[in-house]
């Protein structure tokens, strides 16, 4: 779909494309290490700017629309969802979920990510089938896609919520819980940082990363994004961005 005036009005009614960027999923976005080093006044602009697949795709969308890009950066998916749901942002990058679909219209997915379980090395749990038991507590990132999924799927175990997805492993260790759930790459990073843990074989869900606009927005907006995401998948742009940012363990979603 071409970026006509109608498309620009639908996608960026304020004259600037306001998009959410969720730092809670390292597959999609993160900050440069320099961003955490004071003083901020001496840092170059690129040090404080988030980077990642979602950032690059948002910049490409704004370029095709011919408008400026305004990134609203959040530490968790729940915060990003709330901004788009309330119309404070024009679009965002999210995992598809029926609960979120009440306020957001999604495109097809562009990246598929595994949701996995983590336990301590000494844990008696060796298989995912042993997780959903009454004596287990599973920590999840509050408002994450796997929080929403497991809230529906888990029948016996207790779900415990850490403030954000990146805090899951530290929360798991600090509170001496039985299981941690999250994005595979994030859990693997926790194992590397803290040691003494292992992933259970397999995955409990496939997380479909997509784009979304506020429900009730002109349908032209979703049609534009839907066409855009199919184009960048087909042209290899998503695969190239994954390679550029060193993303492993995730795959480009198939054609819708």
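We did not get these values from a lab; they are worked out from the coordinates using the rules stated. Computed from a predicted structure; not experimentally measured. Reconstructed Cβ throughout: ideal geometry from the backbone, glycine too, with neighbour counts over all protein chains shown.
Roughly what would the spin-label model give for residue 244 and residue 14, points 7 Å off Cα along C-beta, in nm?
Roughly 2.6 nm, to one decimal.
Among 238, 84, 220, whose mean-square fluctuation peaks in a Gaussian network model of the chain (Cα, cutoff 10 Å)?
220
Going by average Cβ density within 10 Å per residue, which order do the peptides 205-212, 121-128, 239-246 take, highest to lowest? Could you put the intermediate results ahead of the total?
Details: 205-212: 21.5, 121-128: 11.6, 239-246: 14.1.
Going by the mean number of other Cβ atoms within 10 Å, highest first, we get 205-212, 239-246, 121-128.
If you take the beta carbon distance between residue 59 and residue 153 as r and set R0 to 51 Å, what does 1/(1 + (r/R0)^6) give as a FRET efficiency, to the nearest 0.05? Working shown, then result.
Details: r = 36 Å, r/R0 = 0.70.
Once the sixth-power term is evaluated, E becomes 0.90.
Pull out the extension gain between residue 255 and residue 51, defined as 0.36 nm times the separation in residues minus the alpha carbon to alpha carbon distance; nm, one decimal. Working shown, then result.
Numbers: separation 204, 0.36 × 204 = 73.44 nm, distance 2.55 nm.
That works out to 70.9 nm of additional length.
Taking the alpha-carbon set of the range 112-205, what are its Rg and Dmax in Å?
Rg and Dmax of the range 112-205, Cα atoms, are 11.6, 31 Å.
Restricting to the range 112-205, what percent of DSSP beta bridges are antiparallel, rounded to 5?
Working: 8 of 15 bridges.
The antiparallel proportion sits near 55 percent.
If the chain between residue 198 and residue 123 were fully stretched, how many nm would it gain, using 0.36 nm times the residue separation less the Cα-Cα distance? List each step's numbers first, then the result.
Values: separation 75, 0.36 × 75 = 27.00 nm, distance 0.92 nm.
Computed gain between residue 198 and residue 123 is 26.1 nm.
For the range 112-205, what is the relative contact order in percent, using Cα pairs closer than 8 Å and at least 6 residues apart in sequence? Present the calculation step by step, with values, prior to reporting the outcome.
Details: 163 pairs, mean separation 44.2, N = 94.
Worked out over the range 112-205, it gives 47 percent.
Which percent, to the nearest 5, of DSSP beta bridges fully inside the chain are antiparallel? Before the final figure, lay out each step's value.
On the way: 22 of 37 bridges.
For the chain, the DSSP antiparallel bridge percentage is about 60.
If you take the beta carbon distance between residue 134 and residue 189 as r and set R0 to 22 Å, what does 1/(1 + (r/R0)^6) give as a FRET efficiency, to the nearest 0.05? All intermediate terms of the calculation are to be shown ahead of the outcome.
Values: r = 30 Å, r/R0 = 1.36.
It comes to 0.15.
With no solvent and one point per C-alpha, what does the Debye sum give as log10 I(q)/I(0) for the chain at q = 0.10 Å⁻¹?
Calculated log10 I(q)/I(0) at the listed q: -0.51.
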